[in-house]
1. For the stretch 230-246, how many residues meet the condition of being closer than 19 Å to Ser208 by Cα, part of a helix (DSSP H, G or I) and touching a Gly at 6+ places or on another chain (Cβ under 8 Å)?
2. Could you list, in sequence order, the residues of the stretch 25-36 that are more than 15 Å from Ser269 (Cβ to Cβ), surrounded by 12 or more Cβ atoms within 10 Å (Cβ to Cβ) and not aromatic (Phe, Trp, Tyr)?
3. Checking His61 against (1) in a strand (DSSP E or B); (2) modelled with pLDDT of 95 or more, which test does it fail?
4. With (1) closer than 18 Å to Ile87 by Cβ; (2) of a type outside the set (D, E, K, R); (3) in contact with a Cys (Cβ under 9 Å, 6 or more places away or on another chain) as the list, and Gly14 as the residue in question, which single condition is left unmet?
5. Where the second residue is among the small types (Gly, Ala, Ser) and the first is modelled with pLDDT under 95 and lies in the stretch 1-18, which pairs have Cβ atoms under 6 Å and are six or more apart or on separate chains?
6. Scan Glu37, Glu41 and give me the residue that is in contact (Cβ under 8 Å) with a residue 40 or more places away in the chain and charged (D, E, K, R).
7. Residue by residue through the stretch 39-58, note down the ones that are part of a loop (DSSP other than H, G, I, E, B) and among the aliphatic types (A, V, I, L, M).
Amino acid sequence: MGKRVAVLTDSNSGITQNCAKGLGVSVLPMPFYINDELFYEDITLTQEQFYRHLEADAQIHTSMPVVGEVLDRWDSLLKEYDEIVYIPMSSGLSSSCATARNLAEDYDGRVQVVDNQRISVTQRQSVLDAVRLAQLGWDAAAIKEYLERTKFDSSIYIYVPTLKYLKKGGRVTPAAAALGTLLRIKPVLQIQGEKLDAFAKCRTVKASKATMLKAIEDDIRDRFALEGQPDSYWIAGAYSGARDEEVEQWVEEIREVYPGKQIIMQPLSLSISCHIGPGALAVTVSKKLPENPDEAACRPDVQ
């Protein structure tokens, strides 16, 4: 019988505590300080409450999970499981991954911390892939190796309706924000690997959406070489703020480009929304696991 492997992530994955139970995974809630008061995502802070504070110009700061809480969760899981695969948010966006890697050195290989530089919807897909590989009998080290080797097999593109929150978080200078507002620029951002980066400057929402959909199409064709293989990748949508008519229209526009594919629409994680504000729309693509992940090309210990 193979090892029992637990899959643990953080709430940056967008996986709620309730959803985690159905998936058979554990989720560490991310801490947020709002006007110096501590809240935990999806525990003492709902999406609705977060956006009310954000739109009221509250002082919001993200934080990394407390070391003691991480260790307590690991120790609790290791009473039931032989090993843990821990998938935190991208190391390029937080120091929590590096801290966890240092802590794991005291666990004799029983805790494998994955740095596959993903967040939100694509981080969620990594968690689902880890669950599947654990079910197939992979040990924690092999799962970590696979997830890190395939870390760039995903992309996120995000349309941001206002530069206000990027300015507030220091992501753009006040002068650039003022100029962008004057020119009515609708930026498209990209998360592909470590950081949240500028991708394109558009003048209309329609142009921003078209830019994102073309970027996904280009990635499928050029980066992933999966053109004509719709069963080999996942397409998902995401948004910040309320799920309103604009969000529903966006998911329909994605479906028109990818007919027949199941398009999951999820809220962006609060750690991203903190920097971009409400009203953002996103689309993501991630390579699927191979039909037979135990092939030697995928699993290093299978000969």
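The values are calculated or read from the model by the stated rules, or taken from the named source; none is laboratory data. Computed from a predicted model, the values in this text were never measured in an experiment. Glycine gets a Cβ as well: all are built from the backbone with ideal geometry, and neighbour counts include every protein chain shown.
1. The qualifying residues number 1.
2. Filtering the stretch 25-36 for residues more than 15 Å from Ser269 (Cβ to Cβ) gives 25-26, 33-36.
Filter again for surrounded by 12 or more Cβ atoms within 10 Å (Cβ to Cβ), leaving 25-26, 33-34.
Result: Val25, Ser26, Ile34.
3. (2)
4. Going through (1) closer than 18 Å to Ile87 by Cβ; (2) of a type outside the set (D, E, K, R); (3) in contact with a Cys (Cβ under 9 Å, 6 or more places away or on another chain) one by one, Gly14 breaks only (3).
5. Close Cβ pairs satisfying both conditions: Gly2/Gly137; Asn12/Ser269; Asn12/Ser271; Gly14/Ser120; Gly14/Ser269.
6. The unique qualifying residue is Glu41.
7. At the first step, the residues of the stretch 39-58 found to be part of a loop (DSSP other than H, G, I, E, B) are 42-44, 46, 56-58.
Those that are part of a loop (DSSP other than H, G, I, E, B) and among the aliphatic types (A, V, I, L, M): Ile43, Ala56, Ala58.
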